[in-house]
Amino acid sequence: MRQIVVVGAGFSGLTLAHHLQNAGFSVKIVERENRVGGLISTIATAHGLVETAANALLADKEIEDLFNELGVEVAPRWPERKNRFIFWRKPTRWP
């Protein structure tokens with residue numbers, strides 16, 4: 001069987017590798033960093049925790065199916081988490 005190489009062990013690369021493996025392919029994942037997760041990371045600062053990339057996904061049917069397959073519980077929405085900001089040169093309210 002021919003091996004498929006997935007470059008990058010971020011969310012997209014790991015999801016792709018999972019789907020390819022389920023389809024019967026032999027998959028190898030290569031990652032240049034010493035951890036998986038790609039851009040997703042949490043950094044502790046003096047002002048609190050900072051998420052370095054998306055810290056949430058829209059829970060559509062495909063995501064719910066994937067999480068169920070992997071045995072990962074979908075975290076409930078918390079109303080107090082509506083105040084979100086993106087910091088790129090200055091804080092911007094999102095969405």
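Descriptive notes on the structure:
- Entry for log10 I(q)/I(0) by the Debye sum over Cα atoms at q = 0.11, 0.15, 0.24 Å⁻¹ (calculated from the structure that is shown) out of (i) -0.38, -0.71, -1.38; (ii) -0.46, -0.81, -1.34; (iii) -0.37, -0.64, -1.19: (ii)
- On Cα atoms only, tilt of 61-70 relative to the major axis of the chain in degrees: 70 degrees
- For the chain, share of DSSP beta bridges that run antiparallel, in % to the nearest 5: 65 percent
- Cα-projected label distance for residue 21 with residue 66, points at 7 Å along beta-carbon direction, nm: 1.4 nm
- Computed from the Cα positions only, the extents of region 18-66 along the three principal axes stand at 47, 31, 9 Å, in decreasing order.
- Taking the charge dipole of the chain about its Cα centre, with +1 at Lys and Arg Cβ atoms and -1 at Asp and Glu Cβ atoms, the residue from 88, 15, 58 reaching farthest to the positive side is 88.
- Ordering of 5-14, 40-49 by packing [mean C-beta count within 10 Å, highest first]: 5-14, 40-49
- Heavy-atom accessible area for residue 28, with the other protein chains in place and a 1.4 Å probe, reaches approximately 100 Å².
- Between the helical axis of 11-22 and the longest alpha-carbon principal axis of the chain there is an angle of about 30 degrees.
- Overall Cα dimensions of region 1-41 - principal axes, largest extent first, Å: 33, 16, 10
- Fraction of accessible area attributable to carbon and sulfur, the chain (%, probe 1.4 Å): 58 percent
- Summed over the residues of the chain and divided among them, the accessible surface reaches 89 Å² per residue at a probe radius of 1.4 Å.
- Residue among 34, 22, 68 with the largest mean-square fluctuation in a Gaussian network model of the chain, springs linking Cα atoms under 10 Å: 34
The values are calculated or read from the model by the stated rules, or taken from the named source; none is laboratory data. Predicted, not measured: the structure shown is a model, and the values here were computed from it. Neighbour counts are summed over all protein chains in view; Cβ atoms, including those assigned to glycine, are modelled from backbone coordinates with ideal geometry. We work out accessible area using only protein heavy atoms, side chains counted, and drop any ligands, DNA or RNA first. Shrake-Rupley method; radii C 1.70, N 1.55, O 1.52, S 1.80 Å.
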